[in-house]
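Since the structure comes first, as C-alpha coordinates, the remarks are kept for the end.
The values are calculated or read from the model by the stated rules, or taken from the named source; none is laboratory data. Everything numeric in this text was worked out from a predicted model, so none of it was measured. Please note: Cβ atoms are built from the backbone with ideal geometry, for glycine as well, and neighbour counts cover all protein chains shown. Surface areas here come from the heavy atoms of the whole protein model, side chains and all, with no ligands, DNA or RNA. Shrake-Rupley method; radii C 1.70, N 1.55, O 1.52, S 1.80 Å.
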Amino acid sequence: FIAILIAIASSIFSLSHTMNESLAAWQKNHGFTYQQAAEALGLGRTMFWNYLKRESLPRLVGLACQGVTLGQCVRNISVWHERHKHTLASGAAVLGISRASYSKYLHMSPELVPRTVMLACAALEEGLEPIGAGASHDGRQ
(Lines give C-alpha, C1' and ligand atoms only; values in the text may rest on other atoms or scores of the structure.)
Protein backbone atom coordinates (compact mmCIF):
# COMPACT_ATOMS: atom_id res chain seq x y z
CA PHE A 1 0.00 0.00 0.00
CA ILE A 2 2.81 2.41 0.87
CA ALA A 3 4.54 1.62 -2.42
CA ILE A 4 1.34 2.56 -4.28
CA LEU A 5 1.09 5.86 -2.39
CA ILE A 6 4.73 6.63 -3.16
CA ALA A 7 4.14 5.87 -6.85
CA ILE A 8 1.07 8.13 -6.93
CA ALA A 9 2.94 10.95 -5.15
CA SER A 10 5.84 10.55 -7.56
CA SER A 11 3.46 10.80 -10.55
CA ILE A 12 1.84 13.93 -9.18
CA PHE A 13 5.26 15.47 -8.50
CA SER A 14 6.48 14.74 -12.04
CA LEU A 15 3.25 16.10 -13.56
CA SER A 16 3.67 19.33 -11.68
CA HIS A 17 7.09 19.78 -13.26
CA THR A 18 5.89 19.34 -16.84
CA MET A 19 4.31 22.79 -16.86
CA ASN A 20 5.63 25.12 -19.53
CA GLU A 21 7.59 27.60 -17.45
CA SER A 22 7.76 30.27 -20.16
CA LEU A 23 4.01 30.30 -20.70
CA ALA A 24 3.28 30.18 -16.97
CA ALA A 25 5.67 33.11 -16.39
CA TRP A 26 4.09 35.07 -19.26
CA GLN A 27 0.63 34.49 -17.76
CA LYS A 28 1.80 35.51 -14.29
CA ASN A 29 3.62 38.63 -15.56
CA HIS A 30 0.39 39.80 -17.18
CA GLY A 31 -1.71 38.91 -14.13
CA PHE A 32 -3.99 36.79 -16.32
CA THR A 33 -6.30 34.04 -15.13
CA TYR A 34 -6.38 30.96 -17.38
CA GLN A 35 -9.49 32.37 -19.05
CA GLN A 36 -7.98 35.83 -19.57
CA ALA A 37 -4.75 34.39 -20.99
CA ALA A 38 -6.68 32.15 -23.36
CA GLU A 39 -8.87 35.02 -24.56
CA ALA A 40 -5.87 37.32 -25.04
CA LEU A 41 -4.27 34.69 -27.28
CA GLY A 42 -7.46 33.83 -29.13
CA LEU A 43 -7.54 30.32 -27.66
CA GLY A 44 -10.04 28.33 -25.67
CA ARG A 45 -9.31 27.82 -21.98
CA THR A 46 -8.74 24.08 -22.46
CA MET A 47 -6.30 24.67 -25.31
CA PHE A 48 -4.40 27.19 -23.18
CA TRP A 49 -4.23 24.67 -20.34
CA ASN A 50 -2.95 22.02 -22.76
CA TYR A 51 -0.17 24.36 -23.88
CA LEU A 52 0.73 24.98 -20.23
CA LYS A 53 1.24 21.25 -19.80
CA ARG A 54 3.57 20.92 -22.82
CA GLU A 55 7.31 20.97 -22.45
CA SER A 56 7.73 23.27 -25.47
CA LEU A 57 5.36 25.71 -27.09
CA PRO A 58 4.47 25.75 -30.75
CA ARG A 59 6.23 28.68 -32.41
CA LEU A 60 2.89 30.31 -33.28
CA VAL A 61 1.77 30.39 -29.64
CA GLY A 62 5.12 31.72 -28.41
CA LEU A 63 4.94 34.49 -31.00
CA ALA A 64 1.31 35.25 -30.14
CA CYS A 65 2.35 35.74 -26.51
CA GLN A 66 4.83 38.36 -27.72
CA GLY A 67 2.04 40.01 -29.73
CA VAL A 68 -0.12 40.24 -26.61
CA THR A 69 2.79 41.76 -24.69
CA LEU A 70 3.19 44.32 -27.48
CA GLY A 71 -0.54 44.97 -27.50
CA GLN A 72 -0.60 44.59 -31.27
CA CYS A 73 -2.21 42.49 -33.98
CA VAL A 74 -1.68 42.92 -37.70
CA ARG A 75 -4.90 43.85 -39.46
CA ASN A 76 -4.43 41.89 -42.66
CA ILE A 77 -2.20 38.86 -43.07
CA SER A 78 -2.13 39.26 -46.86
CA VAL A 79 -0.69 42.76 -46.54
CA TRP A 80 1.85 41.46 -43.98
CA HIS A 81 2.71 38.61 -46.38
CA GLU A 82 3.35 41.01 -49.27
CA ARG A 83 5.25 43.56 -47.18
CA HIS A 84 7.72 40.88 -46.06
CA LYS A 85 7.84 39.28 -49.51
CA HIS A 86 7.03 35.86 -48.12
CA THR A 87 6.43 32.82 -50.24
CA LEU A 88 3.87 30.30 -49.08
CA ALA A 89 6.69 28.20 -47.64
CA SER A 90 8.57 31.04 -45.93
CA GLY A 91 5.43 32.60 -44.40
CA ALA A 92 4.32 29.25 -43.01
CA ALA A 93 7.80 28.48 -41.68
CA VAL A 94 8.30 31.80 -39.91
CA LEU A 95 4.94 31.36 -38.15
CA GLY A 96 5.55 27.67 -37.45
CA ILE A 97 2.39 26.46 -39.19
CA SER A 98 1.68 24.25 -42.17
CA ARG A 99 1.62 25.68 -45.70
CA ALA A 100 -1.99 24.52 -46.01
CA SER A 101 -3.02 26.54 -42.95
CA TYR A 102 -1.04 29.56 -44.08
CA SER A 103 -2.59 29.42 -47.53
CA LYS A 104 -6.05 29.19 -45.99
CA TYR A 105 -5.39 32.26 -43.82
CA LEU A 106 -4.10 34.25 -46.81
CA HIS A 107 -7.37 33.63 -48.64
CA MET A 108 -9.67 34.33 -45.68
CA SER A 109 -11.37 37.57 -44.95
CA PRO A 110 -9.05 39.34 -42.44
CA GLU A 111 -11.63 39.31 -39.65
CA LEU A 112 -11.81 35.49 -39.86
CA VAL A 113 -8.07 34.84 -39.46
CA PRO A 114 -7.43 33.52 -35.93
CA ARG A 115 -6.27 36.11 -33.42
CA THR A 116 -3.29 33.90 -32.55
CA VAL A 117 -1.99 34.23 -36.11
CA MET A 118 -2.47 38.01 -36.22
CA LEU A 119 -0.68 38.42 -32.88
CA ALA A 120 2.20 36.25 -34.08
CA CYS A 121 2.54 38.34 -37.25
CA ALA A 122 2.69 41.52 -35.12
CA ALA A 123 5.49 40.02 -33.02
CA LEU A 124 7.44 39.09 -36.15
CA GLU A 125 6.81 42.58 -37.53
CA GLU A 126 8.72 43.91 -34.50
CA GLY A 127 11.54 41.39 -34.94
CA LEU A 128 10.65 39.40 -31.83
CA GLU A 129 11.26 35.73 -31.21
CA PRO A 130 8.70 33.47 -29.51
CA ILE A 131 8.72 33.18 -25.73
CA GLY A 132 10.40 30.03 -24.50
CA ALA A 133 13.70 28.83 -25.83
CA GLY A 134 12.20 25.53 -26.93
CA ALA A 135 9.51 26.93 -29.22
CA SER A 136 8.66 24.33 -31.84
CA HIS A 137 9.43 25.07 -35.51
CA ASP A 138 7.84 21.92 -36.89
CA GLY A 139 4.56 23.42 -38.12
CA ARG A 140 2.37 21.71 -35.52
CA GLN A 141 -0.04 23.84 -33.52
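Report, by residue number, each residue of region 92-132 that is of a type in the set (G, A, S) and either open to solvent by 20 Å² or more (accessible area, probe 1.4 Å) or part of a loop (DSSP other than H, G, I, E, B) (or both). Let's see the steps before the verdict.
So in region 92-132, the residues of a type in the set (G, A, S) come out as 92-93, 96, 98, 100-101, 103, 109, 120, 122-123, 127, 132.
Selection gives A93, G96, S98, A100, S101, S103, S109, G127, G132.
Close contacts from region 84-113, counting a first residue that is in contact (Cβ under 8 Å) with a residue 24 or more places away in the chain and within 16 Å of L124 (Cβ to Cβ) and a second that is among the hydroxyl-bearing types (S, T, Y) and part of a loop (DSSP other than H, G, I, E, B), with Cβ to Cβ under 8 Å and a gap of 6+ residues or different chains, come to A92/S98. Pairing each residue of region 117-132 that is at pLDDT 95 or above with any residue that is assigned to a loop (DSSP other than H, G, I, E, B) and open to solvent by 10 Å² or more (accessible area, probe 1.4 Å), provided the two are 6+ apart or on different chains, yields C-beta distances under 6 Å for M118/C73; M118/V74; L119/C73; C121/V74; A122/Q72; A122/C73; A122/V74.
Every listed requirement among (1) open to solvent by 70 Å² or more (accessible area, probe 1.4 Å); (2) touching a residue at least 24 places away in the same chain (Cβ under 8 Å); (3) hydroxyl-bearing (S, T, Y) is met by S78 save one, (1).
Scanning region 48-88 for residues that are among the basic types (K, R) and on the phi > 0 side of the Ramachandran plot returns a single hit, K85.
The criterion of being under 22 Å from I131 (Cβ atoms), open to solvent by 30 Å² or more (accessible area, probe 1.4 Å), touching a Leu at 6+ places or on another chain (Cβ under 6 Å) and not hydrophobic (A, V, I, L, M, F, W, C) does not hold for Q35.
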